[in-house]
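The values are calculated or read from the model by the stated rules, or taken from the named source; none is laboratory data. The shown structure was predicted, so the numbers you read here are calculated from the model rather than taken from an experiment. Glycine gets a Cβ as well: all are built from the backbone with ideal geometry, and neighbour counts include every protein chain shown.
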Amino acid sequence: MRLSAVEWAILGLSLKVGIVAVLLCLPVAFALAWLLARRRFPGRMLLDALVHLPLVLPPVVTGWLLLILLGRNGAVGALLYDWFGITLVFRWTGAAVAAAVMALPLMVRAIRLSIEAVDRRLEGAARSLGAGRWDAFVSVTLPLCRPGVIAALVLGFARSIGEFGATITFASNIPGETQTLPLAIYAALQSPGGDAMVTRLSILSILVSLAALLASEWIARRGRHARV
Amino acid sequence: MLEFDAWKKLGDVIVGGRFTAGSGVTALFGPSGAGKTSILNMVAGLLKPDRGRIVADGTLLFGPGVDLPPEARGIGYVFQDALLFPHLGVEANLRYGERRSRGRPPLIGFDATVALLGLEALLTRWPATLSGGEAKRVAIGRALLTAPRILLMDEPLASLDAPRRAEIIAAILRIRDEVRLPILHVSHDRDEVDRLADAVIAIDGRAATG
């Protein structure tokens with residue numbers, strides 16, 4: 001299977017969008033997972049529902065909400081542009097943001113489960129052994145959450161790479177800028193004689209997703225070996 | 001020396017007590033549910049009393065306006081379930097506390113601790129592969145290596161068979177006699193208390209009034 005320069009560029013852009021989306025999402029997802037797993041506060045149920053919204057909303061609606069919020073004239077978008085000169089709409093960064101929002105619920109879920117599975121008494125043990133709050137978090141809680149974080153990264157990456165609806169609505173389908181694998185496949189399907197390209201890009205999608213799954217399995221296995 | 005006079009309402013009972021634990025082994029003895037573990041947790045700083053005072057070697061750990069965090073108390077705690085860190089090997093578990101002893105001079109060194117508790121063959125193992133008695137010994141070593149002022153032990157002999165019990169009892173007596181570390185030990189077993197304790201303090205939960 002020979003890829004054209006355009007197809008390599010599509011793959012490169014998809015990987016870039018997927019990786020940036022996941023890295024963008026990870027700290028937010030961890031913080032939200034922590035809040036939902038460990039804290040009791042008014043509005044917790046509401047926050048939980050909001051986090052899960054992108055999972056159940058039609059992705060086009062999520063994209064439209066992003067457009068309203070982060071568009072050049074949007075409440076947050078205008079500030080981003082005025083203060084930092086950042087535009088997200090029609091840019092690959094916008095595609096990454098859209099993918100990050102779509103990946104958020106999956107990542108929060110995976111991390112939250114791993115935080116809830118940590119025996120909190122181990123944190124007490126760490127404190128009694130002389131570790132401060134932050135030290136105990138870094139040396140005990142975080143390593144014990146590692147499988148969940150890895151799962152979240154893989155799930156989030158796969159979700160980002162596959163993102164279609166929110167991306168095309170918010171960042172549009174611009175070749176070379178926001179046209180990731182699924183968007184390129186969609187475009188090729190629309191154009192006469194695009195069948196061969198559709199096949200190649202679809203195979204690429206499968207390979208990328210498979211590679212992500214295998215990588216996560218490998219990392220998780222390595223972690224287990226260290227324990228027995 | 002530990003001076004304890006602290007109380008906390010937990011559900012319908014007030015747990016706590018008023019006692020002094022000096023050198024040697026002091027046993028907190030009482031039925032299950034009387035709040036013995038809660039008292040240890042209050043000493044360690046893992047449970048905040050509603051009122052009272054806790055003083056260790058002249059340092060106020062808890063009192064009006066004072067509530068030292070657990071890591072600043074210098075209290076060694078051997079939990080009933082050992083609570084070794086599953087992601088660290090035995091040696092790393094032992095070193096965890098040693099590295100965080102906050103400038104307190106070691107009671108006995110790493111090698112001496114390993115020898116005292118017979119941990120030589122366990123150092124390269126992972127906690128998941130240890131038996132209950134082995135895990136308990138590692139937990140004792142881990143607490144000792146933080147160079148604490150006093151060692152708290154929650155039911156150290158629970159769920160061990162007779163030979164394992166004898167090993168732990170021997171370890172406790174060596175810590176008392178060779179390391180000369182005061183030990184506050186919780187038990188609901190009369191026989192265990194008779195064999196180990198130099199002083200016994202009876203604990204029974206008080207029903208909350210008013």
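Among the residues in the stretch A:155-165, are any more than 24 Å from A:ALA211 (Cβ to Cβ) and either of a type in the set (S, T, N, Q) or within 14 Å of chain B (Cβ to nearest Cβ) (or both)?
No, the conditions are met nowhere in the stretch A:155-165.
Quick one: would you say A:ARG146 is within 11 Å of another protein chain (Cβ to nearest Cβ), among the basic types (Lys, Arg) and part of a helix (DSSP H, G or I)?
yes
Looking for whichever is buried (at least 17 other Cβ atoms within 10 Å of the Cβ), of a type outside the set (S, T, N, Q) and at pLDDT below 95 here; the options are B:LYS36, B:LYS9. Which one fits?
B:LYS36 is the lone residue from the list that is buried (at least 17 other Cβ atoms within 10 Å of the Cβ), of a type outside the set (S, T, N, Q) and at pLDDT below 95.
Check A:LEU66, A:LEU88 and return the single one that is in a loop (DSSP other than H, G, I, E, B), more than 14 Å from chain B (Cβ to nearest Cβ) and surrounded by 24 or more Cβ atoms within 10 Å (Cβ to Cβ).
One residue alone meets the criteria, A:LEU88.
Are any residues in the stretch A:124-139 part of a helix (DSSP H, G or I) and facing chain B (nearest Cβ under 7 Å), and if so, which ones?
A:GLY124, A:ALA125, A:ARG127, A:SER128
How many of the residues making up the stretch B:112-168 are within 14 Å of chain A (Cβ to nearest Cβ), touching a helix residue (DSSP H, G or I) at 6+ places or on another chain (Cβ under 6 Å), in a loop (DSSP other than H, G, I, E, B) and of a type in the set (A, V, I, L, M)?
Result for the stretch B:112-168: 1.
Please pick out the residue among B:ASP161, B:ASP189, B:ASP177, B:ASP154 that is more than 15 Å from the chain's Cα centre (by Cα) and at pLDDT 90 or above.
Exactly one of B:ASP161, B:ASP189, B:ASP177, B:ASP154 is more than 15 Å from the chain's Cα centre (by Cα) and at pLDDT 90 or above, namely B:ASP177.
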